[in-house]
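The values are calculated or read from the model by the stated rules, or taken from the named source; none is laboratory data. Given the structure is predicted, the values throughout are model-derived calculations rather than measurements. Positions of Cβ are backbone-derived with ideal geometry, glycine not excepted, and every protein chain shown enters the neighbour counts.
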Amino acid sequence: MKNIFKFLMISLSFLILNFETVQAATATGNADVYKVTMRKIELCTGYTVVDFDNVHTSDACHNAVVLGSGDKVVDIASVSAGAAAASYGDSALLPLGETYTHLRVTIDRKFTIKSESAIDTGGSDDTDNCSTIATADSQYQNDEATDKYTHKVAVAEGGTNAEMNLYMTNGRQSDESTANYTQCFNANCSQKNTSWSWNYAKDASELSSAIAMRTMRSSLTTDDIQLVYALSSPYTVALIPPTIDISFGTRNAIGVQEVSNSEGDGTPSANDGMCSFYPEEPIVTITIK
């Protein structure tokens, strides 16, 4: 019954990370490395529409059965991603004859992403060659551990391509108006603005593949993200498993925007435009035969 776990890994199809800032210059690029940390996968016999603050509750996943738990890092940009994901969990935990309709996945708020090719934000000449670079404490106001959910770092264009840690920072539901994170404007975050806003979805209509996602509010003290997905069709546990193939695509899975201490329209006049990266949505293709 191991094949079922290939199907369950649709959980790695993340939401689009909507944002609202004062910047106009944004672009996406291909991710050659896209590492996520799986923490738990559960099957659910049903789902009740919940406020996205409550995605972790039993209403969001009826009669949850834990299929896999414990941290496992998977690079979904790798050709072996499907096999690595499929090895996570124990199908023996599924009771024969039970029908499942939804899946809930818990992942870490940290993503490690690398783009081999530079990305042009479409803004000024200062950010037409943006490259992910190695993460360092010096990029943050304090350090990475302290500021990872409250700050977005800025890097100069033209750096050496490397794996970079990106985080789902503190945010708000899309119908709110409070500022919630600090945007750094230079390489050591000595220049910054504390009043930027990052929007997350408030209901299923604003998500791409998931039907629910726990909002990363400033008051939420957790490293976990919970997402709920509807299975393409109900799955009833049987002795003979389905044949399921899965592939991941990370084209346009990294986003970058131009940030500037001098102007907020993406065309800084003082030659101080910097690149600020964020994770975007990978593509998942599933074939069931």
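Quick look at the values:
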quantity	calculated
Residue count, region 115-140 (criterion: surrounded by fewer than 21 Cβ atoms within 10 Å (Cβ to Cβ), closer than 27 Å to LYS72 by Cβ and modelled with pLDDT under 90)	1
Selection count, region 128-177, where residues are among the acidic types (Asp, Glu) and closer than 16 Å to VAL259 by Cα	2
Selection count, region 202-232, where residues are among the small types (Gly, Ala, Ser) and crowded, with 21+ Cβ neighbours inside 10 Å	2
Single unsatisfied condition, ALA187 versus (1) closer than 17 Å to THR112 by Cβ; (2) in a loop (DSSP other than H, G, I, E, B)	(1)
Tally of residues being touching a helix residue (DSSP H, G or I) at 6+ places or on another chain (Cβ under 8 Å) and of a type in the set (Ser, Thr, Tyr) across region 145-194	2
Residues within region 142-152 that are in contact with a Ser or Thr (Cβ under 7 Å, 6 or more places away or on another chain) and in a loop (DSSP other than H, G, I, E, B), tallied	2
Counted residues, region 198-215 - those being over 23 Å from VAL66 (Cα atoms) and either modelled with pLDDT under 85 or part of a loop (DSSP other than H, G, I, E, B) (or both)	9
